[in-house]
């Protein structure tokens, strides 16, 4: 190992907490998006506002995926440095998002309960929640580099504890890049494939040039594809309550980030199908950042919202950005 590599590894250890730590996160409102103000239509959605998040703690950042982990707006992100970032979304009386509060950061652990030993094993990119009897029981996380899927228990709205490995196809396990298993989401009760876990790859393409995927169901199990688009790749997914699928796409064009959000009808989300979504939202440049997180949830006022977040890669020139949208009635 070179001196530079040793120093890089040491730097990573310095930003890896040994146990759960409380972190203060400040938020600034986002009041315009693509020329519109909150509650106005933008493309196929309604813009509800957003936030940019900051913290003096250098373990905060790299937010790769987000999921709801309990009542009272409890959520958690996974970080691409192998941390769970848990807290609550705060809303005002007008049902407007204004903060991310009660934040804790805790390192992810392997099946022996030990902190993941090296960055190669820490690159968590996707996450969704396993619900049992209406309660958030665990999160299911997908990893790149050391490609795998694992479940972690939820306690008091915070995921953690020892990993429980989930079996995936060998072709996925054999992928050893940072462009492998990017997206994971679990079909809701209304879906015809209820309970099945959808895995979508970023750059593992089939013979026709489309993204390879897999369904980890009991009755709904097998290969599934996602139509490739120029410039962008799928980076997260989330189901709507009716079984329709949302896919977030991210790319770079002319040194600027590009983002698409597509809707795939529920009938297309089946083994053996090639999914092709309808474009709901598109943006690029300064309107967005490196958008990687996607979540569907209900606000305290009862409205179903789509939350899209960015991964700042721990760079000072990027943002931890959250944007919220609603579907038109």
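Looking for whichever is touching a residue at least 24 places away in the same chain (Cβ under 8 Å) and over 24 Å from residue 199 (Cα atoms) here; the options are 276, 329, 292, 287. Which one fits?
The conditions single out 287.
Could you please give the count of residues in segment 27-70 that are part of a loop (DSSP other than H, G, I, E, B) and either under 19 Å from residue 185 (Cα atoms) or in contact with a helix residue (DSSP H, G or I) (Cβ under 7 Å, 6 or more places away or on another chain) (or both)?
Selection size over segment 27-70: 3.
Pick out the one residue from 233, 242, 312 that is assigned to a loop (DSSP other than H, G, I, E, B), at pLDDT 95 or above and touching a strand residue (DSSP E or B) at 6+ places or on another chain (Cβ under 8 Å).
312
Here are some residues: 191, 196, 180. Which one is surrounded by 14 or more Cβ atoms within 10 Å (Cβ to Cβ) and more than 15 Å from residue 128 (Cβ to Cβ)?
180
Suppose we keep only residues that are without any contact (Cβ under 8 Å) to a residue 24 or more places away in the chain and assigned to a strand (DSSP E or B) within segment 194-211. Which one would you say is farthest from residue 234 (Cα to Cα)?
The residue in question is 205.
Looking at (1) under 26 Å from residue 138 (Cα atoms); (2) assigned to a loop (DSSP other than H, G, I, E, B), which is the one condition that is false for residue 214?
Among (1) under 26 Å from residue 138 (Cα atoms); (2) assigned to a loop (DSSP other than H, G, I, E, B), residue 214 violates only (2).
Please name all residue pairs, on different chains or six or more residues apart, with Cβ atoms under 9 Å, provided the first residue is in segment 222-243 and is without any contact (Cβ under 8 Å) to a residue 24 or more places away in the chain and the second residue is outside any strand (DSSP E or B).
Partner pairs satisfying both residue conditions: 228/208; 228/209; 228/210.
Within segment 192-205, which residues are more than 18 Å from the chain's Cα centre (by Cα) and within 15 Å of residue 174 (Cα to Cα)?
204, 205
Residues being surrounded by fewer than 24 Cβ atoms within 10 Å (Cβ to Cβ) and either touching a strand residue (DSSP E or B) at 6+ places or on another chain (Cβ under 7 Å) or in contact (Cβ under 8 Å) with a residue 12 or more places away in the chain (or both): count how many of those fall in segment 124-134.
Residues that pass the stated criteria total 3.
Considering segment 247-284 alone, what residues qualify as being over 21 Å from the mean Cα position of the chain (by Cα), within 23 Å of residue 128 (Cβ to Cβ) and assigned to a strand (DSSP E or B)?
274
Which of the residues belonging to segment 286-306 are more than 10 Å from the chain's Cα centre (by Cα) and surrounded by 17 or more Cβ atoms within 10 Å (Cβ to Cβ)?
Scanning segment 286-306 gives 287, 288, 289, 290, 296, 297, 299, 305, 306.
In the set 52, 31, which member is without any contact (Cβ under 8 Å) to a residue 24 or more places away in the chain and closer than 16 Å to residue 286 by Cβ?
Among 52, 31, only 31 is without any contact (Cβ under 8 Å) to a residue 24 or more places away in the chain and closer than 16 Å to residue 286 by Cβ.
The values are calculated or read from the model by the stated rules, or taken from the named source; none is laboratory data. Please read all numbers here as calculations on a predicted model, not as lab measurements. For neighbour counting, all protein chains shown are included, and Cβ atoms are generated from backbone atoms with ideal geometry for every residue, glycine included.
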